[in-house]
Amino acid sequence: MSATVYEAMFILNANAYARNPAGAGEAVEKTITGVGGKILASRLWNEQKLAYPVKGQRKGVYWLTYFELESNEMPKFNRACQLQEMILRHLAIKIDPRLVEMLVAVAKGERQMPTADIALVADDDAAVGVDDVVGEIDD
């Protein structure tokens with residue numbers, strides 16, 4: 001069985017991050033590698049005020065990571081995230097194999113996200129927005 005690639009967004013404790021910025025990446029890396037995963041790309045996304053307090057914190061650091069992990073190990077990964085004090089919340093989604101190379105390259109800063117030229121058509125009943133259009137992205 002081959003490993004599945006996941007994109008994970010972590011909300012980290014901003015106070016702990018301010019005291020030790022390198023510790024944030026280490027906490028995420030240790031959590032993923034501790035359950036047998038392999039990190040493909042990992043970086044700081046943003047630091048901002050949270051919409052509501054999470055574990056008593058009003059500010060969070062968003063950390064984006066792409067990693068490979070056997071799908072049957074995801075319960076262990078979720079439990080490890082819950083036990084890691086630095087991680088306030090996390091969400092991991094499975095990435096379509098056709099998009100992995102491009103998303104990892106963008107996360108590493110090796111290339112820009114491509115844009116698609118999409119013609120929008122509106123009829124009398126409803127307008128069509130960019131979010132409603134699904135199409136192939138050409139490199």
With DNA, RNA and ligands ignored, accessible area of Trp45 (1.4 Å probe; Å², nearest 10): 130 Å²
Number of Lys pairs (Cα under 24 Å; 8 or more positions apart or on different chains) in segment 1-86: 7
Residue-wise HN-Hα coupling along segment 2-14, computed from phi with Karplus coefficients 6.51, -1.76, 1.60 (Hz; x: Gly, Pro): 8, 6, 9, 9, 10, 10, 10, 10, 10, 9, 9, 5, 5
Solvent-accessible surface (1.4 angstrom probe) belonging to Tyr17, in square angstrom, nearest 10: 40 Å²
Surface per residue (accessible, 1.4 Å probe) for segment 1-114, Å²: 60 Å²
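The values are calculated or read from the model by the stated rules, or taken from the named source; none is laboratory data. Predicted model only: the values in this text are computed from it and were never measured. What goes into the accessible areas is simple: the full protein's heavy atoms, side chains included, and nothing from ligands, DNA or RNA. Shrake-Rupley method; radii C 1.70, N 1.55, O 1.52, S 1.80 Å.
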